[in-house]
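J.: The structure follows.
The values are calculated or read from the model by the stated rules, or taken from the named source; none is laboratory data. The structure presented is a predicted model; accordingly, all values stated were derived computationally and were not measured. With ideal geometry, Cβ positions are generated from the backbone for all residues, glycine too; neighbour counts draw on all protein chains shown.
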Amino acid sequence: MLVVAESIRLFSEHGYESTTVEQIASAAGMSRRTFFRQFGSKEDVIFADHESLLAQVDDTLAGFQGDPWSAVCAAAEVVFSHFRRDRDLAVRRAQVVQEVPALRDRELVTTYRYQGAFEEFLRRRLPDEPPVRIVAYVAAITGTHNYLLRQMIRGDADATLERLRRELARIAVALGARGSEGSAVGDPESLQQQVTVVTYPAGTSPDEVARRVADELRKP
C-alpha cells in the first residue's frame with residue numbers, strides 16, 4: 001500500500017511525532033479527509049497492511065487442502081514472505097516502532113491477532129484436540145516465525161523462507177503434530193524418528209516457548 005510506504009518513509013526521515021497527517025496524505029496523493037476516513041490516525045496507518053495480510057492468512061487457512069497443522073505453517077509462511085518481499089520497508093518500520101512506545105504496544109497486539117487466528121482455526125478444525133496442545137503448537141510456530149522475522153530484518157542472511165520451513169517442520173515433529181495419514185507435519189525424512197518433550201509453566205510467552213523448543217532441538 002502506497003500510503004503505508006509513504007508514512008513509514010516520512011516517519012523515518014522526520015520522526016513519528018514531527019510527521020503530520022497532512023504530509024502523509026500529500027505524499028500518498030490523497031486528501032486529509034480521505035486519510036482519516038480510511039485510517040483514522042498515524043498509528044493506524046503504519047500497521048494498515050496487516051489488515052490485508054490477516055485476510056490473506058484467513059484465506060490460506062480456509063483454502064488449505066492438507067491437514068490443519070500444516071495449514072498453520074503455510075499461513076506463517078505467507079506472513080514471512082510478505083515482509084521478506086519488501087525487506088527495506090520492514091526495516092524502516094521496525095526502526096520507527098522501536099522509537100515509539102505506543103507503536104511497540106500496537107505491534108504486540110497485532111502479533112497476537114495472528115496467533116489468535118491460528119488458534120481459532122485449529123480449535124474449529126480439530127475440536128477433539130486438547131486446547132493446551134493447540135496453544136503450545138501455535139505458540140511455538142508464531143514464536144519461531146517472529147524470531148526469524150526479526151533476524152531477517154537485522155540482516156541475517158540465514159533467515160530465509162527455506163529456513164523457516166525447516167524450523168516449522170522440526171517443531172511439528174517435536175510437538176507431535178500429525179497429518180491425516182499419521183506422518184509428521186512438514187516431515188523431512190531425517191526428522192521422522194525424533195521425539196522431543198518440552199515443558200513450560202502456564203502463561204509462558206510464545207517467544208519463550210519457541211526458545212525452549214529450539215534449545216531442545218539443538219541437543220544431540
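J.: Can you tell me how many residues within region 1-42 are of a type in the set (S, T, N, Q) and touching a residue at least 40 places away in the same chain (Cβ under 8 Å)?
T.: The total comes to 1.
J.: Return a yes/no flag: does region 68-79 have any residue that is touching a strand residue (DSSP E or B) at 6+ places or on another chain (Cβ under 9 Å) and either buried (at least 19 other Cβ atoms within 10 Å of the Cβ) or not in a loop (DSSP other than H, G, I, E, B) (or both).
T.: Yes.
J.: Given the options Phe11, Phe35, Phe47, Phe39, name the one that is crowded, with 17+ Cβ neighbours inside 10 Å, within 30 Å of Arg165 (Cβ to Cβ) and not acidic (Asp, Glu).
T.: The match here is Phe47.
J.: If a residue has to be more than 27 Å from the chain's Cα centre (by Cα) and either part of a loop (DSSP other than H, G, I, E, B) or within 30 Å of Cys73 (Cα to Cα) (or both) to count, how many in region 18-59 make the cut?
T.: Of the residues in region 18-59, 6 are more than 27 Å from the chain's Cα centre (by Cα) and either part of a loop (DSSP other than H, G, I, E, B) or within 30 Å of Cys73 (Cα to Cα) (or both).
J.: Could you check, for region 72-80, whether at least one of its residues is without any contact (Cβ under 8 Å) to a residue 12 or more places away in the chain and within 14 Å of the chain's Cα centre (by Cα)?
T.: Checked against the condition, which is being without any contact (Cβ under 8 Å) to a residue 12 or more places away in the chain and within 14 Å of the chain's Cα centre (by Cα), region 72-80 yields no hits at all.
J.: From Ala139, Ala157, which residue is among the hydrophobic types (A, V, I, L, M, F, W, C), over 23 Å from Arg9 (Cα atoms) and in a loop (DSSP other than H, G, I, E, B)?
T.: On the way: Ala139 fails: in a loop (DSSP other than H, G, I, E, B).
Going through Ala139, Ala157 in turn, just one is among the hydrophobic types (A, V, I, L, M, F, W, C), over 23 Å from Arg9 (Cα atoms) and in a loop (DSSP other than H, G, I, E, B): Ala157.
J.: Considering (1) hydroxyl-bearing (Ser, Thr, Tyr); (2) within 15 Å of Trp69 (Cβ to Cβ); (3) at pLDDT 95 or above, say which one Ser180 fails and leave the rest.
T.: (3)
J.: Another one. Only one of Asp58, Asp88 is closer than 29 Å to Leu164 by Cα, of a type in the set (D, E, K, R) and either modelled with pLDDT under 95 or outside the structural domain of Ala172 (by TED's automatic domain parsing) (or both). Can you tell me which?
T.: Criteria check complete, one pass: Asp88.
J.: Only one residue in Asp207, Asp158, Asp215 is surrounded by 12 or more Cβ atoms within 10 Å (Cβ to Cβ) and at pLDDT 60 or above. Which one?
T.: Asp207
J.: Could you identify the single residue in Ala27, Ala5, Ala75 that is of a type in the set (Gly, Ala, Ser) and closer than 30 Å to Pro131 by Cα?
T.: Ala75
J.: Suppose the filter is surrounded by fewer than 17 Cβ atoms within 10 Å (Cβ to Cβ) and not assigned by TED's automatic domain parsing to the domain that holds Arg124; does Gly29 pass it?
T.: So Gly29 fits the description; yes.
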